[in-house]
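A.B. asks: If you scroll down you'll find the structure; I have some questions about it.
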Amino acid sequence: MGTGNLIIQARTAEDALPLNGVRVRIRNHEGTVLYDMTTDESGETKQITLEAVDRGLSLDPSYLGKPYSEYSLEAEAEGFNSLYIADVQIFDGENAIQPVALTPMLASQIIPLRQEIFFGRHAVAMTEPRNQAGSLIGPRVFRQVIIPNPITVHLGTPDSSASNVQVSFPDYVKNVASSEIYPTWPQTSLEANIYAIITFALNRVFTQWYRSRGYNFDITNSTAYDQYFVYGRTIYESISQIVDKVFNQYIRRQGQIAPFFTAFCNGTTVTCAGLSQWGTVTLANQGMSTMQILSYYYPSDIEISQTNIITGIVVAYPGTTLRLGSTGLHVQVIQTYLNRIRGNYPAILHITDDPGVFGSSTQEAVSEFQMIFNLTADGIVGRETWNKISFIYVAVAKLASLDSEGTALGIGTVPPNSILRVGSSGVDVIILQYIISFISEFYTTIPELAQDGIFGSQTAQAVIAFQQMMGLAPNGIVGPPTWSALYDTYWGIKVNVPPPETGVIEYVVMPGDTLWLLAQRFNTSVDAIRAMNNLTSDVLMIGQVLRIPSTAITYTVMPGDTLWLLAQRFNTTVYAIMALNNLTSDMLMIGQTLFIGQ
């Protein structure tokens, strides 16, 4: 017998919100409670140690048993439905990370429901045939390779009525690798398999393999057609760290752009014209490098390429590592992002260094962020840390923006009495699209929508996905039952999901500013501003610096404002303001309302 380690992470809204106070119990097969823990302000439990079967069994292709030990997990929190996972899989010598994504209770719900998840065996242990089919040139081909973030995964065979889920691309790859193969395999074997997994998915996206055939997803989780994905499964640190480094790299043939079609199978009970998963272990043990293993199974002229086109990232990785002593705009970007993320993850140190100067407080904030998100905690911002900070910042800022937008729309507790369908337009459609987008942050089966006020096919598909989730007739028509369920879900989230701690911005008083105007502009109160600044009167001085409490920062454009001036005033960047407001130019209109990501 050996031992493995486990940490539980309870987070929601694409990791934008950690869930504090979630009670987690770990039991063995006899039902004995081994650990009874509670998550902290970062949504994490302490790391625990559990017994695991001998590591050598997971390296033996002839072993037919389970080369890991299984434990059950129960998670519950006030205001949320509970979660039961039957088979958390622990490998000898490996650190396991178990995500716990609890769903909020409905506003009308009194008793929490119990969601159950069963992982099953890894794909490498399956005996079913794999009939992966694909090509390099599909009916629709992008000009460039793009990392889809999120990627939409169908949880069944292509023609099944199963649900779709949307997950970030790195998390998708980590899940697939943890579902396909064993985390105990040699480093170059893991890397070869992960490159094949990444490239397979990017080939599906690049060639529009499913979408060109009328499907509303990018890939399935069926091993007969694609690669294995189990929503909510355990992820392994050995896999996670590789994926964070290479998720935007893929295999292609020299002189080509398209990701190569990297078919694969286990190579023992199932054979194919592609990579053998077990064969990579043998080759790695013979001393082969990652590229040598890949070239053994795929054409000799393959190479590893890279794309920096990642949907959802505001500013691409600059290509230069940032560390103690670095200066410049990219340091300021990271400082801005971390200070905003800190509003949701208060364990991250507030950065007090000058903007654009990578000092000791920036280093400590980076290091704490890395520890929370399972990166090497060295306080250095390389590619993987930059990308992770960017992903989390976008999720945090988007959630705050949606929350602020709901306030602006004045969403009440009584649904509209309209009946909406394809072809409808107007204010009620905007409210519908907003509510669905807000719900999609907490339910991965619901796609996010553009709020254009036009009820088109994408809105219909989102409505159908919601109706299926709620057990309603999936007709894509929004009448009283669907409106009622939408509002029940929306207000369930608003009531039960704890808001992040109030953030603080520093604001330089301008001519014409008053406490009342500032309170209106930043969605706070005059008393809150007075208290935070120890003010004894309402008199303000031009140039005076005020600390203003706000979670969702909005700003009304005044005469003389420019994006550069606003970025300087709010300690952010022009890039960030443009991205959060979907601006395509730097032209501003007086009276225009901007969301400022602080």
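Where a number appears in this text, it was derived from the coordinates with a stated rule and is not lab data. Not measured: the values here are computed from a predicted model. With ideal geometry, Cβ positions are generated from the backbone for all residues, glycine too; neighbour counts draw on all protein chains shown.
A.B. asks: When all alpha-carbon pairs of the range 410-496 are counted, what percent fall beyond 16 Å?
C.D. replies: Taking all Cα-Cα pairs of the range 410-496, the fraction more than 16 Å apart is 45 percent.
A.B. asks: Restricted to Cα positions, what overall size does the range 166-207 have along the principal axes? Three whole-Å values, descending.
C.D. replies: Dimensions of the range 166-207 along the principal axes of its Cα atoms: 31, 19, 13 Å.
A.B. asks: Considering only C-alpha atoms, what is the centroid distance from the range 508-544 to the range 271-320, in Å?
C.D. replies: 56
A.B. asks: Please give me the summed charge of the neighbours of Gly31: other residues whose Cβ is under 12 Å from its Cβ, Lys and Arg +1, Asp and Glu -1.
C.D. replies: 0
A.B. asks: Using alpha-carbon pairs under 8 Å, 6+ residues apart, how would you state the relative contact order of the range 131-276 in percent?
C.D. replies: Value for the range 131-276: 32 percent.
A.B. asks: Summing -39500 (n - 2.57) over the DSSP H runs of n ≥ 4 in the chain and dividing by its residue number, what mean residue ellipticity at 222 nm do you reach, to the nearest 500 deg cm²/dmol? Intermediate values should be presented prior to the final figure.
C.D. replies: On the way: 15 runs with 186 residues, N = 598.
So the helix-based figure for the chain works out to -9500 deg cm²/dmol.
A.B. asks: Can you give the relative contact order of the chain as a percent, counting alpha carbon pairs under 8 Å and 6+ residues apart?
C.D. replies: On the way: 1213 pairs, mean separation 71.0, N = 598.
This gives 12 percent for the chain.
A.B. asks: Distances over 33 Å make up what percent of all Cα-Cα pairs in the chain?
C.D. replies: In whole percent, the share of Cα-Cα pairs in the chain beyond 33 Å is 48.
A.B. asks: Which of the lysines could be linked to Lys174 by a straight reach, that is with a Cα gap under 16 Å, when you skip same-chain ones fewer than 8 residues away?
C.D. replies: Hits, sequence-local ones excluded: Lys245, Lys388.
A.B. asks: Let me ask something additional. Can you pull the one-decimal nm distance between simple spin-label points at Glu76 and Ser537, each 7 Å off the Cα toward Cβ?
C.D. replies: Taking the simple label geometry, Glu76 and Ser537 are separated by 5.8 nm.
A.B. asks: Note down the relative contact order for the range 410-496 as a percent, whole number, built from C-alpha pairs under 8 angstrom at least six residues apart.
C.D. replies: 33
A.B. asks: Here's a follow-up. What number do you get for the range 2-119 when its Cα radius of gyration is normalised by 2.2 N^0.38 Å, N = residues?
C.D. replies: 1.15
A.B. asks: P(r) tail for the range 198-293, what percent of Cα pairs lie past 17 Å?
C.D. replies: Result: 64 percent of Cα pairs exceed 17 Å.
A.B. asks: Related question: Using mean Cβ contacts within 10 Å as the protection proxy, how do 342-352, 422-432 order, highest first?
C.D. replies: 342-352, 422-432
A.B. asks: Using +1 at the C-beta of Lys and Arg and -1 at the C-beta of Asp and Glu, which of Ser42, Gly79, Gly31 has the Cα lying farthest in the positive direction of the dipole of the range 2-119?
C.D. replies: So the residue furthest toward the plus end is Gly79.
A.B. asks: Here's something else I'd like to know. Can you tell me the Rg and Dmax of the range 125-306, counting just the alpha carbons, in angstroms?
C.D. replies: Rg then Dmax for the range 125-306, in Å: 15.1, 45.
A.B. asks: Same structure, new question: Which one of Thr157, Tyr68, Thr536 is farthest out on the positive end of the charge dipole of the chain, using unit charges on Cβ (Lys, Arg +1; Asp, Glu -1) and the Cα centre as origin?
C.D. replies: Of the options given, the answer is Thr157.
A.B. asks: Moving to a separate point now. Say the dipole of the chain comes from +1 at the beta carbon of Lys and Arg and -1 at that of Asp and Glu; which of Thr320, Gln592, Gly255 then lies farthest toward its positive end?
C.D. replies: Positive-end residue among those listed: Gly255.
A.B. asks: Hey, what's the Kirkwood Rh for the range 139-228 if you take every pair of different alpha carbons, in angstrom?
C.D. replies: For the range 139-228, the Kirkwood estimate is 13.5 Å.
A.B. asks: What is the packing order of peptides 84-95, 264-275, taking the mean over residues of other C-beta atoms within 10 Å and listing the highest first?
C.D. replies: Highest mean packing first, the order is 84-95, 264-275.
A.B. asks: Something else now. Run the dipole for the chain about the Cα centre, Lys and Arg Cβ at +1, Asp and Glu Cβ at -1, nothing else charged, and hand back the magnitude in debye, nearest 20.
C.D. replies: Magnitude of the dipole: close to 1100 debye.
A.B. asks: What length, rounded to one decimal in nm, is gained on full extension from Arg143 through to Trp516, with 0.36 nm per residue of separation minus their alpha-carbon distance?
C.D. replies: 129.1 nm
A.B. asks: Still on this structure, please answer the following. Subtracting the Cα-Cα distance from 0.36 nm times the residue separation, let me have the gained length for Gln286 to Arg27 in nm, one decimal.
C.D. replies: 89.3 nm
A.B. asks: Can you tell me the convex hull volume per residue for the range 96-135, based on C-alpha atoms, in Å³ to the nearest whole number?
C.D. replies: Dividing the Cα hull volume of the range 96-135 by its residues yields 197 Å³.
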